[in-house]
Amino acid sequence: MKIKTVIIDDEPLAIDVIKNYCDTISDIEVLNCFTNPVEAMGFINKNPVDLIFIDIEMPLLSGIEFIDALKLKCQFIFTTAYPQFAIDGFELEAADYLIKPISYIRFLKAFNKVNKTRQNQSFTVNTSTFTSNNEDNFLFIKSEHESIKVFISEIKYIEGLKDYLKVNLSNGKYILTLSNFRNMMDKLPEKTFIRVHNSYVVNLKYITSVQRNRIVIDEYRIPISESYKKSFFERINI
């Protein structure tokens with residue numbers, strides 16, 4: 001997915017430099033450019049943005065004040081003609097800062113830093129922050145004549161077998177239960193589990209790798225059907 005970008009600078013020529021650099025990278029989509037930070041604020045608060053290039057020294061609203069007041073959380077890169085302002089930028093956790101005049105090589109380094117962070121977060125966000133709606137993080141799965149307590153974090157993937165579900169666990173064991181995906185999904189946290197096929201639900205944190213039409217969990221290959229492909233790839237930011 002392209003990195004949706006906005007450029008903010010009170011100098012049109014400075015905007016042109018950044019935009020021309022962005023146009024050379026296929027992974028960047030420049031949504032809009034602004035010389036007025038107040039107008040930019042209105043646009044960004046209404047539109048999804050991944051990255052902001054913003055000048056620190058501007059009339060009406062400085063880049064520091066802009067980012068501090070921004071409601072949307074996204075990555076940003078400060079641009080400035082004054083190196084001493086860079087310290088303030090890093091206090092706001094700026095991805096990088098670019099000193100004017102900005103060279104193309106320095107621009108690429110900043111972009112690569114942003115892109116690397118974004119790629120790392122595509123799985124970090126989707127694995128380390130998962131929490132269950134179930135307060136105790138477990139559920140009971142009925143199998144034959146007993147109900148087995150299973151910790152949600154131990155479920156790797158679930159396979160549909162006609163009227164049964166095969167719940168595959170991290171210890172290599174599995175549980176067969178007479179149930180359907182609708183009932184099972186109601187018990188599982190949406191942030192962790194996703195349907196990828198009529199016959200499969202996977203726990204995102206156990207994914208080893210993703211290929212074009214399938215998921216690999218350990219050495220097991222799970223197909224991704226066309227009807228679920230778009231939602232799955234959007235979820236993992238690919």
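The values are calculated or read from the model by the stated rules, or taken from the named source; none is laboratory data. Not measured: the values here are computed from a predicted model. Backbone-built Cβ (ideal geometry, glycine too); neighbour counts: all protein chains shown. Surface areas here come from the heavy atoms of the whole protein model, side chains and all, with no ligands, DNA or RNA. Shrake-Rupley method; radii C 1.70, N 1.55, O 1.52, S 1.80 Å.
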Fill in the blank from the handout: Residues of segment 208-219 being open to solvent by 50 Å² or more (accessible area, probe 1.4 Å) and either assigned to a strand (DSSP E or B) or closer than 19 Å to residue 190 by Cα (or both), in sequence order, are 214
Fill in the blank from the handout: Within segment 171-199, of all residues that are of a type in the set (S, T, N, Q), outside any strand (DSSP E or B) and surrounded by 14 or more Cβ atoms within 10 Å (Cβ to Cβ), the one modelled with the lowest pLDDT is 192
Handout entry: Single match in 50, 55, 27 (criterion: of a type in the set (Asp, Glu), modelled with pLDDT of 90 or more, open to solvent by 30 Å² or more (accessible area, probe 1.4 Å) and under 20 Å from residue 113 (Cβ atoms))
Key = 50
Fill in the blank from the handout: Quick count over segment 32-47, residues being more than 15 Å from residue 77 (Cβ to Cβ) and open to solvent by 40 Å² or more (accessible area, probe 1.4 Å), is 9
Handout entry: First in segment 102-114 and closer than 15 Å to residue 19 by Cβ, second anywhere and in a helix (DSSP H, G or I), Cβ under 7 Å, 6 or more apart
Key = 102/17; 104/21; 107/21
Exercise for the section: Answer with yes or no whether residue 96 is modelled with pLDDT of 85 or more, open to solvent by less than 20 Å² (accessible area, probe 1.4 Å) and not β-branched (Val, Ile, Thr). Expected result: yes
Fill in the blank from the handout: Those residues of segment 176-209 that are β-branched (Val, Ile, Thr) and over 14 Å from residue 231 (Cα atoms) come to a total of 3
Problem - From 8, 77, residue being crowded, with 20+ Cβ neighbours inside 10 Å, in contact with an Asp or Glu (Cβ under 6 Å, 6 or more places away or on another chain) and not charged (D, E, K, R) - result: 77
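Yes or no: residue 90 at pLDDT 90 or above and of a type in the set (A, V, I, L, M, F, W, C)?
It is false that residue 90 is at pLDDT 90 or above and of a type in the set (A, V, I, L, M, F, W, C).
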Exercise for the section: Given the conditions (1) within 27 Å of residue 50 (Cα to Cα); (2) surrounded by 13 or more Cβ atoms within 10 Å (Cβ to Cβ); (3) of a type in the set (Val, Ile, Thr); (4) out of contact with any helix residue (DSSP H, G or I) (no Cβ under 6 Å at 6 or more places or on another chain), report the number of the one that residue 222 does not fulfil. Expected result: (1)
Problem - Among the residues listed as 231, 179, the single one being more than 21 Å from the chain's Cα centre (by Cα) and small (Gly, Ala, Ser) - result: 179
Practice task
For segment 48-58, indicate whether the set of residues that are farther than 21 Å from residue 102 by Cα and without any contact (Cβ under 8 Å) to a residue 60 or more places away in the chain is non-empty.
Solution key: yes
